[in-house]
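A.B. asks: My questions will all concern the structure given below.
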Amino acid sequence: MSNLAIIPARGGSKRIPKKNIKDFLGKPIIAYSIETALKSGLFDEIIVSTDDPEISDVAIKYGAKVPCFRSSETSNDFASLSDVMNEVILFYKNRNIRFDYVCCILPTTPLVTMENLKLGYGLITNSEFDSIRPIVRYSYPIQRAFRYNKNGGVELFNPEHLWSRSQDLEPAYHDAGQFYWFYFEKGLTGTNRGAFIIPEKDVQDIDTLEDWDIAELKYKMRNESKL
């Protein structure tokens, strides 16, 4: 079987300038995604989809390919991840190049591991799912979430659970935001989604500088525990 890794890394991040190539403990954050993909041995081709020449240069330096630049349609704020994947897939199809599976690995996921990439690959190749992703459990029951009012007051989204014990409420999970395995021919639009659970210590969404600091702390803690 042949596999393609696509790392989508658009330029022009507003909340964290140059987010995809910002230094993360000594090297550009996108380098972690590229290097983990390379070390996994899962992929016949590892490419970065970008509209930014600076990101392209960094990607190539760390071992990825940049066979083409994104179109204006997939470089704006309204393009979906599926749109970006489809553009890359069409690029290869137009050159009569096909793969069996694709893994979209996000560029700001320094906590992604080879073991989880391999686990996801095993699931996509041995299941009926259209796609596979890692998920993580919410640390607090979502059934007891508050709605915050403009006057400073709060009210429960689900008031029937005001006195429910946490252990009696159904666990809820969210996307870990690290990677997605899917079929080359189907793209990332299938609705039959599969997942596997990973621990919160291995996950950190990075949208703010505070998130960035937490991600660095988690990365350091994980590496120190291996010593």
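The values are calculated or read from the model by the stated rules, or taken from the named source; none is laboratory data. The shown structure was predicted, so the numbers you read here are calculated from the model rather than taken from an experiment. Glycine also receives a Cβ, built like all others from the backbone with ideal geometry; neighbour counts cover every protein chain displayed.
A.B. asks: Kindly provide the set of residues from region 1-33 that are closer than 20 Å to THR208 by Cβ, of a type in the set (A, V, I, L, M) and assigned to a loop (DSSP other than H, G, I, E, B), ordered by number.
C.D. replies: ALA9, ILE16, LEU25
A.B. asks: Suppose we keep only residues that are aromatic (Phe, Trp, Tyr) and surrounded by 21 or more Cβ atoms within 10 Å (Cβ to Cβ) within region 1-60. Which one would you say is farthest from ASP205 (Cα to Cα)?
C.D. replies: Restricting to residues being aromatic (Phe, Trp, Tyr) and surrounded by 21 or more Cβ atoms within 10 Å (Cβ to Cβ), the top hit is PHE43.
A.B. asks: Also, I was wondering about something else. With the condition kept exactly as written, say whether any residue in region 6-21 is of a type outside the set (Asp, Glu), over 21 Å from GLY177 (Cβ atoms) and at pLDDT 95 or above.
C.D. replies: no
A.B. asks: When you scan region 52-80, how many residues do you find that are part of a helix (DSSP H, G or I) and modelled with pLDDT under 95? Can you show your working first?
C.D. replies: Pass one, region 52-80, residues part of a helix (DSSP H, G or I): 53-61, 72-74.
Subset that is modelled with pLDDT under 95: 72-74.
Of the residues in region 52-80, 3 are part of a helix (DSSP H, G or I) and modelled with pLDDT under 95.
A.B. asks: Search region 138-185 for residues being surrounded by fewer than 13 Cβ atoms within 10 Å (Cβ to Cβ) and in a strand (DSSP E or B), and hand back the single one that is modelled with the highest pLDDT.
C.D. replies: HIS174
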